[in-house]
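Structure, as structure tokens:
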Amino acid sequence: MAIPKSLTLTLISIFLLLNHSSSFVDGGAGDILAELIHLRSQSPTAAIHLSDHLLRRILSLDTPRPFSFLIFFDAKQLHSKPELSLPTLKSEFSLLSSSFLTNNPEVNNNFFFFTIEFSESQNSFALFGVNSLPHLRLIPNSATDLKKDSIQMDGSDLARLAESMAEFVEAKGKVNVGPIHRPPMISKKQMSVIVVVGLALSPFLLKKIVSGDTLLHDKYVWMLGSIFVYFFSVSGAMHNIIRKMPMFMMDREDPGKLVFFYQGSGMQLGAEGFAVGFLYTIVGLLLAFMTNVLVRVKSRTLQRVVMITALFVSFWAVKKVIQLDNWKTGYGVHAYWPSSW
């Protein structure tokens, strides 16, 4: 049976219309993706500034979208509150985004990093239900409900800064971030100035060294320096400097309360390190006192009293360190007594 020409024309028109609609949808996703790539290239940190309008356009795409993204929620009016550390966290987020782009120069269009500001995009904050900062949220490409389908990063983990953010993205977003590329502590310009000043002062320093008239020839300076190095070593200060760990953090359950000791082996606050370093330094100084000063005391009674007191204080200090370790890690360290005793 022959098909009427009118029906044939109708079928062709429907096919062309469907094909045009499909091309239009693909073009919409492609246009937004191209725009995001352009915005990222214009950003010095590879983090795109997100607005309400841009977010609506992204959410208008059919799921699964061709990319997932991570949003750092910011509020300029809260930058003055040191307990929130928003400027520091935003800087660490920028390190994360720039490191991701550096480590993945070829395959980087399936994941984007955004920063959004409260005073400019209050509607977006309401869509996610964000009512406290700091806040970091991962939006998978299949997310339709921003509150239910997106994944929030635990605020306590943010204290480990960019490294913890990278672990969160790799675990939840299934994306390889790679190592974090931090700028050197001393720039090339600063190093050049130090070298020039050192060369200019070298004749005077050499003269001082030859004559023995420097602080390095003072035994008390060496004693204080050794105590400082000992405290620096046992307190984990280098860890705090490298990771830029805060001395304390705000309690998530009670914003008016500060947390100085964090329960969990994955993070150490600065106050914890200083407390442990102080206790260990007490033990070290008492040991040095007993082996270098107390042995010269002629009174046996005074020696015994001071030694017993020093041993008691040292035992108390080490016990406190072990208790803190047990509380943080959940692993108990118990004294071992031989069965024959």
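The values are calculated or read from the model by the stated rules, or taken from the named source; none is laboratory data. A quick note: this is a predicted structure, and the numbers were derived from the prediction, not measured. Backbone-built Cβ (ideal geometry, glycine too); neighbour counts: all protein chains shown.
Would you tally the residues in segment 176-193 being modelled with pLDDT under 85 and farther than 19 Å from Thr88 by Cβ?
Number of matching residues: 6.
Sort through Asp52, Asp62 and tell me the only one that's in contact (Cβ under 8 Å) with a residue 60 or more places away in the chain and under 25 Å from Asp149 (Cα atoms).
Asp52
Report those strands (runs of 3 or more DSSP E) wholly inside segment 68-177 carrying at least 2 residues which are at negative phi and under 15 Å from the mean Cα position of the chain (by Cα).
It comes to 135-139.
State which residue pairs qualify: first residue closer than 30 Å to Leu285 by Cα and inside segment 198-227, second residue at pLDDT below 80 and surrounded by 11 or more Cβ atoms within 10 Å (Cβ to Cβ) in any location, beta carbons under 7 Å apart, and separation of 6 or more residues or different chains.
Hits for this filter: Thr214/Lys208.
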